[in-house]
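What follows draws every value from the coordinates through simple rules; no lab data is involved. Keep in mind that what you see is a predicted model, and the values were worked out from it rather than measured. We place every Cβ from the backbone using ideal geometry, glycine too, and count neighbours over all the protein chains shown.
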Ligand SMILES: C[S@@+](CC[C@H](N)C(=O)[O-])C[C@H]1O[C@@H](n2cnc3c(N)ncnc32)[C@H](O)[C@@H]1O
């Protein structure tokens with residue numbers, strides 16, 4: 001494996017060719033990126049904007065230093081805030097990349113905001129949504145559940161994980177390591193990114209929605225009567241729901257979960273070894289204490305015996321001296337020298 005190869009592809013930037021082709025066919029110039037994380041895609045978007053006279057508005061509540069650095073580019077504007085509320089204050093854009101908080105309430109709110117700004121006003125836009133596949137399709141994830149209205153938040157846990165085929169949660173599995181929480185149950189109403197898109201599309205037959213299963217799933221949404229709709233569909237078609245691509249994605253996730261299991265097993269083994277090492281060090285320290293107190297007591301005993309025997313002759317005194325020397329040197333007293 002090439003060093004630096006990622007174990008897990010997860011960034012929307014993996015779709016960069018498709019994204020930029022869609023920008024081209026839709027004639028997009030203004031782009032809103034929701035959710036920048038480390039700014040990996042923001043960097044590519046900034047380069048695209050500079051080459052095409054475009055503008056990127058990046059909405060991110062916790063921008064990293066790297067994202068702030070990309071935002072120094074005159075083609076990039078950073079809005080340090082939370083979508084969907086932050087979208088209300090923005091000019092309508094030609095393209096939206098939705099990859100922020102992956103839950104029903106947020107995504108539904110984002111789509112409604114884009115609808116108000118664009119579709120309902122007869123303005124075309126292309127909307128790309130990341131994480132329309134497992135695990136977020138039918139299960140909410142929350143970066144900051146406390147920031148959402150309580151009725152939009154399912155019971156959730158930050159320290160649990162999920163595995164395909166299990167609607168509950170597990171110890172281990174795919175999880176956020178504290179960065180995000182998972183809803184305790186998969187499925188049911190108002191749960192998950194894909195559910196949010198489907199509910200939004202209900203009663204809006206003028207909007208077309210296309211998906212690709214790869215890298216946690218990408219959704220693309222635009223008006224079917226946009227002048228470029230047919231060309232956009234042609235761009236998406238090679239990435240769309242081919243059974244083979246679905247199997248590749250399932251396999252990728254299964255393999256990654258095996259890697260996580262192995263990492264978890266090694267971490268548990270390392271923790272058990274550490275406990276064992278600490279126990280051994282403690283036992284060795286206790287043993288050393290015992291040895292030292294025992295040799296002092298034996299030395300004291302021999303000394304007092306020597307004093308008691310002093311009047312009984314040089315030979316016995318000599319035996320005691322030998323015994324005392326042996327104890328001090330840490331040697332056992334030879335049987336033939338032990339006094340009788
Ligand atoms: C999955 S990461 C984005 C990855 C990035 N788009 C990429 O492809 O490399 C999600 C990001 O969304 C941000 N986020 C969480 N809630 C958000 C919200 N309500 N609005 C905007 N961004 C949000 C998180 O801080 C995190 O940086």
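One table, with the values for the structure above:
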| item | result |
| --- | --- |
| Tensor-based shape of region 143-193 (alpha-carbon gyration tensor, a/c under 1.5 rounded, otherwise prolate or oblate) | oblate |
| Cα shape, region 228-302, gyration tensor, a/c 1.5 rule | prolate |
| Gain on full stretching of the segment that runs from residue 254 to residue 269 - 0.36 nm per residue minus C-alpha separation | 3.1 nm |
| Percent of C-alpha pairs per 5 Å bin, region 160-279, short to long | 2, 9, 13, 15, 17, 13, 11, 8, 5, 3, 2, 2, 1, 1, 0 |
| 0 to 90° range, to nearest 10: angle between helix 16-26 axis and the chain longest Cα axis | 20 |
| Overall Cα dimensions of region 1-79 - principal axes, largest extent first, Å | 38, 29, 18 |
| Difference of contour (0.36 nm per residue) and Cα-Cα distance, residue 240 to residue 309 | 14.8 nm |
| Bins of 20 Å, starting at 0 and running to the largest distance - Cα pair percent for the chain | 25, 40, 10, 11, 11, 3, 0 |
| Gained length - residue 144 relative to residue 123, 0.36 nm times residue gap less alpha-carbon distance | 4.4 nm |
| Distance-filtered residues of region 208-239 - backbone nitrogen under 14 Å, label point 7 angstrom along residue 115 Cα→Cβ | 208-209, 222-223 |
| Share, in percent, of DSSP beta bridges within the chain that are antiparallel, nearest 5 | 50 |
| Using alpha-carbon coordinates, inclination of helix 314-328 to the longest axis of the chain, degrees | 10 |
| Cα→Cβ-extended label distance, 7 Å offset, between residue 38 and residue 298, nm | 6.1 |
| Zero-based 10 Å bins, Cα pair distances in region 213-261, whole percents | 24, 37, 24, 11, 4 |
| Whole-number Å³ per residue for the convex hull built on Cα positions in region 76-122 | 79 |
| Cα gyration tensor shape of region 1-154, rounded if a/c is under 1.5, else prolate or oblate by comparing a/b with b/c | rounded |
| Volume in Å³ per residue [convex hull over Cα atoms, computed for region 45-120] | 89 |
| Euclidean distance of C-alpha centroids, region 231-294 and region 206-222, integer Å | 32 |
| FRET efficiency, residue 206 to residue 17 (Cβ-Cβ, R0 45 Å, nearest 0.05) | 0.95 |
| Nearest-ten-degree value, helix 104-117 long axis tilted from longest Cα axis of the chain | 30 |
| Residues listed by number, region 253-291, amide nitrogen under 16 Å from residue 171 label point at 7 Å toward C-beta | 261-273 |
| Relative contact order of the chain, defined on C-alpha pairs under 8 angstrom at six or more residues apart (%) | 13 |
| Percentage relative contact order, region 130-239, counting C-alpha pairs under 8 Å, at least six apart | 30 |
| Rg in Å to one decimal, and Dmax rounded to a whole Å, for region 98-240 via C-alpha atoms | 15.8, 49 |
